[in-house]
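A.B. asks: Quick one: the structure is below, questions incoming.
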Amino acid sequence: MKSVSYKSYGAPDVLRLELRPTPEPKAKEIQIRVHASAVTTADWRLRASDFPGGLWIVGRLMFGLFRPRKPILGMTFAGEVTEVGAGVTKFKMGQKVFGFSGGGAHAEYLTIHEDRALAVMPEGLDYADAAAVPFGGLCALVFLRDVAELKNGQRILIIGATGGVGAYATQIAKGKGAHVTAVCGSTSEELAQSLGADEVINYHETDPLSGKDTYDVIFDCVGASSFATAQNVLKPSGLYVPLNFGVRELRQLMTQKKGGKRMKLHVNDDTAEDMQELTALMSEGKVTPVVDRVYDLIDVFEAHSRVQTRHARGTVVLSLG
């Protein structure tokens, strides 16, 4: 099978197109012919060993100290079930499925346990659109539902509101009945409005953390703020939730006083149940895919470069069809 792999950390040119053996499903696993896979910020950070906030050594210990432990990237996928292992009961051959693999999806075939975060694709969705949703959609769902505990009528400021996570956070926050203020660049203002934002702040013209408006929740999807600067526009009991965090935030959390303005840190544990909830939101039209660009597999270098600019509008997708 064709695949994209990397054997050392670095710029996009460390990626290689390779032929590898097609993986066979073990018991309780399914084999998927991957038609599309997203290139996410996680793929970029793993490939470049660019872990935020002074967590470089932690990242290297987790993913490979001197070289990548898992050579094939690709956190999300959309494709067709081509084989099922012994004991599989949740999926059958021929079904179109999508989900979060945590790696290995930048290849023509993938094997995954049937209990992982995957689901049958909603009717009428193409593979590129389906692959664009799980990474950002699951992250936004869990952060807003479980971490922020966002409620109807609350005011939320979403920084990076049209990116790979923010585009879904904007939709989910609006679906929960919150008043959404989206922070994005000038070229993404119309997109933010189409996703449901009540107000849009162009960060090129206005500092969103120095105005008079205050918020119940600030969700920073891109690492463009800090707890110290966010407190300027947080309500007295407001919550700051950064998607990216490092040693500084860990120290602040350890010394955080009870009551008043708060910060919460979280790392996603993607589950089948959350994938089912996200699929239901898509079927109901409350969450729609936002695709920046679709690249052919041979153009994976350009796809990684696009993600690394941090200016993608929605999700960058690789086509393996």
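The values are calculated or read from the model by the stated rules, or taken from the named source; none is laboratory data. It should be emphasised that the depicted structure is a prediction, and the values quoted were computed from it without experimental measurement. With ideal geometry, Cβ positions are generated from the backbone for all residues, glycine too; neighbour counts draw on all protein chains shown.
A.B. asks: Determine which member of the set Asp50, Asp115 is over 17 Å from Ala272 (Cα atoms), assigned by TED's automatic domain parsing to the domain that holds His304 and not aliphatic (A, V, I, L, M).
C.D. replies: Of Asp50, Asp115, the one residue that is over 17 Å from Ala272 (Cα atoms), assigned by TED's automatic domain parsing to the domain that holds His304 and not aliphatic (A, V, I, L, M) is Asp50.
A.B. asks: Considering only residues of region 229-264 that are surrounded by fewer than 17 Cβ atoms within 10 Å (Cβ to Cβ) and among the hydrophobic types (A, V, I, L, M, F, W, C), which is farthest from the chain's Cα centre (by Cα)?
C.D. replies: Residue satisfying both the conditions and the ranking: Met254.
A.B. asks: Okay, next question. Can you work out which of the residues in region 42-97 that are part of a strand (DSSP E or B) and more than 16 Å from Ala117 (Cα to Cα) is nearest to the chain's Cα centre (by Cα)?
C.D. replies: Applying the filter and picking the extreme gives Ile72.
A.B. asks: Of all residues in region 283-304, how many are among the charged types (D, E, K, R) and under 18 Å from the mean Cα position of the chain (by Cα)?
C.D. replies: 3
A.B. asks: Might you let me know whether region 179-196 holds any residue that is out of contact with any Leu (no Cβ under 7 Å at 6 or more places or on another chain), under 22 Å from Arg262 (Cβ atoms) and crowded, with 19+ Cβ neighbours inside 10 Å?
C.D. replies: The answer is yes; a qualifying residue exists.
A.B. asks: Take the conditions under 22 Å from the mean Cα position of the chain (by Cα), among the small types (Gly, Ala, Ser) and closer than 27 Å to Lys286 by Cβ and apply them to Ser226. Does it pass?
C.D. replies: No, not satisfied.
A.B. asks: List every residue pair whose Cβ atoms lie under 6 Å apart, where the two residues are 6 or more positions apart in sequence or sit on different chains, the first residue falls within region 270-287 and is assigned by TED's automatic domain parsing to the domain that holds Arg116, and the second residue, located anywhere, is in a loop (DSSP other than H, G, I, E, B) and loosely packed, with under 14 Cβ neighbours inside 10 Å.
C.D. replies: none
A.B. asks: Considering only strands (runs of 3 or more DSSP E) fully contained in region 155-226, which possess at least 3 residues that are of a type outside the set (Phe, Trp, Tyr) and touching a Gly at 6+ places or on another chain (Cβ under 8 Å)?
C.D. replies: Answer list for region 155-226: 179-184, 215-220.
A.B. asks: Filter region 196-230 for residues that are of a type in the set (A, V, I, L, M) and under 16 Å from Gly185 (Cα atoms) and give the result.
C.D. replies: Scanning region 196-230 gives Ala197, Val200, Ile201, Leu209, Val222, Ala224.
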